[in-house]
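Every number here is computed from the coordinates shown, using simple stated rules; none is lab data. Predicted, not measured: the structure shown is a model, and the values here were computed from it. A quick note on method: Cβ atoms are made from the backbone with ideal geometry, for glycine too, and the neighbour counts reach across all protein chains shown.
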Amino acid sequence: MARVIPVILSGGTGTRLWPVSRQSFPKQFLRIAGDRTMLQDAAARGRDGALFGPLTVIANVEHRFAIAEQLREIGIDDPHIILEPFGRNTAPAVAVAALAVAESDPDALILVMPSDHVIADTAAFHAAVATGAAAAAGGAMVLFGIPPTRPETGYGYIRPGAPLAGHPEIRAVDAFVEKPNAEKAKAYLDAGHLWNSGIFLLPVRGVIEALREFAPAVLDAARAALAAAQKDLDFMRLDADAFAASPSISIDYAVMEKTPRAAVLPGDFGWSDAGTWSSLWSIAPRDGDGNVVVGDVVAFNTRNSYIRSEGPVVGTIGLDGVVVVATGDAVLVAARTADQDVSRLVELLKRNGTEAATLSPWVHRPWGFYQSVHSGERFQVKRITVNPGARLSLQKHRYRAEHWVVVNGTARVTRDDEILTVRENESVFLPLGCVHRLENPGDTPLNLIEVQSGSYLGEDDIIRIEDDFAR
């Protein structure tokens, strides 16, 4: 059997699961549907050595360190991470992946998976991939279709046609159908249509040829962007000017709706795109009142609702069929049947200049993360967590001084010509203009509180002298 290379597409704007998911840190990096993040679950599904080759990830450049760290956490230390300078939808990403894989194995298949879906039955998914691989090796462009469980208006549908010769489980695609209204969704369910999962199994040679025929501008831009790509630590950065020449178009529109080789394999492996709070409500265990409750929540006389707190205590009374999601800086309250409009709400917040529309209070860096706790005139308080063995850049500031208080762990601090060891319940002062660095020499996370004071406290007031991450 041809080699199957798992390819994870990790982009997205992070709007549909706001306020937990944000543009700066979208849902695939969150533990929303289990103990691992969605990205980690997607990567773990591609770790069967008997079935899959090495992992490739096509990702937004802003998320590169979060991706690398999350993959490292589950033991994937050598993924091929290709960085897009900006989003151009899925067709350019698939083109880049196919061209990159073709350099080493033009006869391979690529399994293209979104990073933010839920698959409950991994064994059934692997079995479906093995079934689809035989047809894809023969040239079929295989899409996994999901037998509907309800008349869903939020998904696209596929009308299956005749079985493929030699592959009775797989059907030719008769038509792709856009997201329907409720009446059409019921008709599609009755007619045996399938949900479009957005998961593809494609022959590398075949998809490159199809792009050449149906979307040559996409293929040309991807080839040029890859040819001029630059190595950046463990990442590959696509050339921005070349990539910008690509149309922004999905692989569905660019290829799958045009090629006569499109085929669909029905797959019943517990799939959900986890794209709305109501979809998470539908797949999560519910209590006796039909509620999904996550975090510090008290639901009194409340039914059929999804209630989640990422910080403050949330209490509900007398509600039915609602979504309530609270974070440290935002609260969403919606009818469960109306949560398809969360993206529209986020757009309104953006127009109003609300930072919480796009920016997460947790800012992830290659060495760990920080969280803004409080700010006022000429001061700001942050919580900082540094991963074991990691260190920040050697740097200085023009406009602010800093005071670090170690909460737990041990810090190694460079302050001009001094090297200081700062332990739990100890602190160190860094005067304005001093050259400094923070390191965690231990094997557990280092947590500290940083108090900044000065005339300007923006993140761009950092003059890096040395940096492990080439920023």
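Computing Rg/Rh (Cα atoms, Kirkwood Rh) for the structure here picks out one of (i) 1.03; (ii) 0.96; (iii) 1.00, namely (iii). For region 397-414, backbone nitrogen atoms closer than 15 Å to the point 7 Å from Val381 Cα along Cα-to-C-beta are found at 403-407.
List Lys382, Lys27 from most exposed to least, where exposure is judged by having the fewest other Cβ atoms within 10 Å.
Fewest to most other Cβ atoms nearby, the residues stand as Lys382, Lys27.
Contact order, relative form, for the chain: 14 percent (alpha carbon pairs under 8 Å, 6 or more residues apart, mean separation divided by residue count).
For region 197-281, averaging the sequence separation of C-alpha pairs within contact (under 8 Å, six or more residues apart) and dividing by the residue count gives a relative contact order of 26 percent. Among Thr122, Thr327, the order by Cβ neighbours within 10 angstrom, fewest to most, reads Thr122, Thr327.
Ratio to report: Rg/Rh of region 4-272, with Cα atoms as the point set and Rh obtained by the Kirkwood method; give two decimals.
0.94
Full extension of the chain between Asp48 and Arg412 yields a length gain of 127.0 nm, computed as 0.36 nm times the residue separation minus the alpha carbon distance. In region 261-340, Cα pairs under 8 Å separated by at least six residues give a relative contact order of 22 percent.
May I ask you to list, by number, the DSSP H helices of the chain whose Cα span along the axis is at least 24 Å and whose average Kyte-Doolittle hydropathy reaches 1.0 or more?
Taking the DSSP H segments of the chain (at least 24 Å long, mean hydropathy at least 1.0), we get none.
Legend: ranking of residues Ser393, Ser250 from fewest to most surrounding C-beta atoms inside 10 Å; resulting order Ser250, Ser393. Taking amide hydrogens as placed 1.01 Å from N in the peptide plane, the amide H of Asp232 sits under 5 Å from those of Arg237, each at least 5 positions away in sequence or on another chain. Phi-derived couplings, Karplus 6.51 cos²θ - 1.76 cosθ + 1.60 at θ = phi - 60°, listed residue by residue for region 109-120: 10, 10, 9, 8, 10, x, 7, 10, 9, 10, 10, 7 Hz, with x used for Gly and Pro. Dividing the summed -39500 (n - 2.57) terms of all DSSP H runs of n ≥ 4 by the residue count of the chain sets its mean residue ellipticity at 222 nm at -6500 deg cm²/dmol. In the frame of its principal axes, region 230-385 has Cα extents of 54, 53, 32 Å, reported largest first.
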